[in-house]
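Novice: One structure is given below, represented as structure tokens, and several questions about it will come after.
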Amino acid sequence: MIERDVELKCREIRKQVFVQAYAAGGAHMGAAFSVADILGTLYFGGVLKYLADNPWWEDRDKLILSKGHAGVALYAALALAGFFDVSDLKTFCCSGSKYGGHPKINEVPGVEASTGALGHGLSFGIGIAYANKLDNKQSHTYVILGDGECQEGSIWEGALSAPTLGLGNLTVIVDHNKLQAMDELETIVHMKPFADKWKAFGWNVVEIDGHNCDEIRQALLARYENIPTLVVAHTVKGKGVSFMENVPIWHYRMPNREELPVLLEELGFTREEQDKLLLDKS
């Protein structure tokens, strides 16, 4: 029952991603759809410790979305978790809105770091986890990386540092959808054997189906004393919309008139929701 509830939340995250993209005229939907189940499980699967009405609660867990271009998915999860009203999402990327293309700390409740310049989130998360360890806090730190982002040298500096510091309070999730921008990951830079690289650096490494909420939850709740965990979440870019899945051009593109009804149907918009969405846009 709990898993079904989480799956419904993940589906709603995808719907709200599109609501934002449709209102703004664009967003990184492919990357947002691939990470939706990870975010949904974190916020609604009993993984992340937080208080929506007190975002800066001292004992909260921290989540860093290093792949900041998928901020629309984070905004959707935060809104559904009660950090702010879901209706606010319609102002995404509008003039004067705090919901920009990349999330900003101190502007959007629940956002722990300003991200989007790829490669920085892991080091940021390591700093938080290390500080919590020194202070003997029970807070856990989660960092979500894109697989293309893992071509950045700063990621591998962090990968070396975290085991050295004994950060058992750090879990890194790689959204491994195997696409980046406009091409396949392996076409740009050879990353294989990906998991083995992290194992060689001293990480506990788990590979999962990044769209199976139960597998995600089990991997994210696992703890290893003084050893950081790397979760390789095998995902599908554009997950949830048949014509977007595993197609590079959907890194940043909006559906045309023929594609729109298919997307709305597959994401689960009711007829009433579809009519309201189209009316609001007009």
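The values are calculated or read from the model by the stated rules, or taken from the named source; none is laboratory data. Computed from a prediction, not measured in an experiment: that's the story for all the values here. Neighbour counts are summed over all protein chains in view; Cβ atoms, including those assigned to glycine, are modelled from backbone coordinates with ideal geometry.
Novice: Give me the residue from segment 142-182 that is within 24 Å of Tyr50 (Cβ to Cβ), free of Cβ contacts under 8 Å to residues at least 60 places away in the same chain and not aliphatic (A, V, I, L, M) and, out of that set, surrounded by the fewest Cβ atoms within 10 Å (Cβ to Cβ).
Specialist: So the residue we want is Asn169.
Novice: On to the next question. Which count do you get for residues in segment 202-241 that are surrounded by fewer than 21 Cβ atoms within 10 Å (Cβ to Cβ) and polar (S, T, N, Q)?
Specialist: 4
Novice: Tell me which residues, restricted to segment 86-99, are assigned to a loop (DSSP other than H, G, I, E, B) and surrounded by fewer than 18 Cβ atoms within 10 Å (Cβ to Cβ).
Specialist: Taking segment 86-99 as the starting set, the residues that turn out to be assigned to a loop (DSSP other than H, G, I, E, B) are 92-99.
Matches in segment 86-99: Cys93, Cys94, Ser95, Gly96, Ser97, Lys98.
Novice: Among all residue pairs at least 6 apart or on different chains, which show Cβ distances below 6 Å where the first residue, located in segment 24-52, is closer than 14 Å to Val241 by Cα and in a loop (DSSP other than H, G, I, E, B) and the second is at pLDDT 95 or above and aromatic (Phe, Trp, Tyr)?
Specialist: Close Cβ pairs (under 6 Å, with a partner that is at pLDDT 95 or above and aromatic (Phe, Trp, Tyr)) do not exist here.
Novice: Output the residues belonging to segment 74-122 that are more than 28 Å from Glu58 (Cβ to Cβ) and either under 13 Å from the mean Cα position of the chain (by Cα) or among the β-branched types (Val, Ile, Thr) (or both).
Specialist: Residue satisfying the conditions is Thr91 alone.
Novice: Another question, then. Quick one: which of Lys9, Lys15, Lys67 is under 29 Å from Glu152 (Cα atoms), in contact (Cβ under 8 Å) with a residue 40 or more places away in the chain and of a type in the set (Lys, Arg)? Reasoning before the result, please.
Specialist: Details: Lys9 fails: under 29 Å from Glu152 (Cα atoms); Lys15 fails: under 29 Å from Glu152 (Cα atoms).
So the residue among Lys9, Lys15, Lys67 that is under 29 Å from Glu152 (Cα atoms), in contact (Cβ under 8 Å) with a residue 40 or more places away in the chain and of a type in the set (Lys, Arg) is Lys67.
Novice: Do you know which of the residues in segment 195-215 that are part of a helix (DSSP H, G or I) and in contact with a Leu (Cβ under 9 Å, 6 or more places away or on another chain) is farthest from Ile227 (Cα to Cα)? Before you say what the answer is, go through the steps one by one.
Specialist: We begin by selecting, within segment 195-215, every residue part of a helix (DSSP H, G or I); these are 195-200, 213-215.
From what's left, in contact with a Leu (Cβ under 9 Å, 6 or more places away or on another chain): 195, 198-199.
Details: Ala195: 15, Trp198: 12, Lys199: 11 Å.
Here the residue is Ala195.
Novice: Working only within segment 22-50, note down all residues that are within 17 Å of Val86 (Cα to Cα), at pLDDT 95 or above and surrounded by fewer than 24 Cβ atoms within 10 Å (Cβ to Cβ).
Specialist: Scanning segment 22-50 gives a single hit, Phe44.
Novice: Separate question: Kindly establish whether Glu112 is acidic (Asp, Glu), at negative phi, touching a residue at least 60 places away in the same chain (Cβ under 8 Å) and not in a strand (DSSP E or B). Can you show your working first?
Specialist: Details: acidic (Asp, Glu): yes; at negative phi: yes; touching a residue at least 60 places away in the same chain (Cβ under 8 Å): no; not in a strand (DSSP E or B): yes.
Taking the combined requirement at face value, the residue does not satisfy it.
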